[in-house]
1. Under 10 Å, Cα contacts only: if you run a Gaussian network model on the chain, which one of T137, T156, T13 comes out with the highest mean-square fluctuation?
2. State, to one decimal in nm, how far the label point of A115 lies from the label point of R132, with both points 7 Å from Cα in the Cβ direction.
3. Length gain on complete extension for the stretch D65 to R193, per 0.36 nm per residue less the alpha carbon to alpha carbon distance?
4. Using the Cα centre of the chain as the reference point, and only Cβ charges (+1 on K/R, -1 on D/E), how large is the resulting charge dipole? Debye, rounded to the nearest 20.
5. If every alpha-carbon in the chain counts as one equal scatterer, what log10 I(q)/I(0) does Debye give at q = 0.08, 0.14, 0.17 1/Å?
6. R0 = 45 Å: FRET efficiency of R3 with T165, Cβ-based, nearest 0.05?
7. List the lysines whose Cα lies under 22 Å from the Cα of K172, skipping any in the same chain that are fewer than 8 positions away.
8. What 222 nm value per residue comes from the helices of the chain, counting each DSSP H run with n ≥ 4 as -39,500 (n - 2.57) and dividing by all residues, nearest 500 deg cm²/dmol?
Amino acid sequence: MPRIAANLSYLFTERPFLERFGAAAACGFRGVEMHFPYAHSKAALRAELERHDLTALLLNTAPGDREGDFGLAAQPGRREAFRAALLQALDYAAAMGAGLVHVMSGTVPAEQRVAARETFLENLAWASDQARASGATLLIEPLNSRDRPDYFVSRTDEVVTLLETLRRDNVKLLFDFYHVQIMEGDLALRLERLWPHLGHIQFASVPGRAEPDAGEIAYPFLFQLIDRLGWGGWAAAEYKPRTTTEAGLGWGAPWGIKAP
C-alpha cells in the first residue's frame, strides 16, 4: 500500500500552521508536505517534525511578490528573483530533511510563451545544478487551466517534452491525479506510460478537490496500480476538506489514518 502523506497547506487548516504537524501525526500520518513555509523559521519547522516523528517530503518555491504571481521559473526577465526563491527552498528543504522541491513555473501570457520556454529551460538547468549539491529532486507540476489559467504547463506531455529537452535526472514530473484527470483523463494508462518520469504523486477528488472518497476517480484501483508498479515514494493528500479535516478521514482507514 502506498505511504500516505498530508499536505499541511490544505489539511488541518482549522489550526495555526505549526499546530498542523501534531494534528497530522495524531491522525496517523507519518509524512507531511507544504507549499510555502517561509513565514516560519527553519528551526521551528524542524522542531515540529522531530516532536511528532514526521518525515518532511516536499515544499514549493515561493510564488513571487507581484500581484498575480504563481511561480517564477518561466517568467522572462525575473532570473534573479527565481534564483533567490530556488535557493531559499533548497535551504528550507535541507533544514527539514525534505528531498523534493516543487519548482513553480508561473503564469505566462500567450505572447510570451516562446521566451518563457527558453527562460524555463535555462532556469531549470541552473536549478538542477544547485539541487544536486544537496541531493534534492526538483519537480515540475502541470496545473489544470480551469483552476489556474495561463499557467506555463497544464498537461503532462508538456512537462515530459521539457524534461526530455532538459535531460537532468534530478528533475521529475509531479503527477497530481486531480489536475491530470481534469486536463487529460485516462489516468491508469497515463500513469504507467509516464512512470519513468515520475517524482511524486498527489491526489484529490474530481470534481471539487475534496476527499478522495467520491467523484470521477477510482482511487482504490489506482492505489493498487501504484503498488503493482512498485512505487517507493509517497502519495500526498492535497485536497480541500468538505468540513473539518478529521471529519472527512474515513477514506484513510486502510492506511491507518483516522480521527483520534
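FYI, it's all coordinate maths here, none of it is from the lab. No experiment lies behind these values; they were computed from the predicted model shown. Positions of Cβ are generated from backbone atoms using ideal geometry, with glycine treated the same way; all protein chains shown enter the neighbour counts.
1. T13
2. 3.0 nm
3. Length difference between fully extended and current span is 42.4 nm.
4. Taking the Cα centre of the chain as origin, the dipole is about 320 debye.
5. Taken in order of the listed q values, log10 I(q)/I(0) reads -0.29, -0.96, -1.43.
6. That gives a FRET efficiency of 0.90.
7. Cα-Cα hits under 22 Å: none found.
8. -11000 deg cm²/dmol
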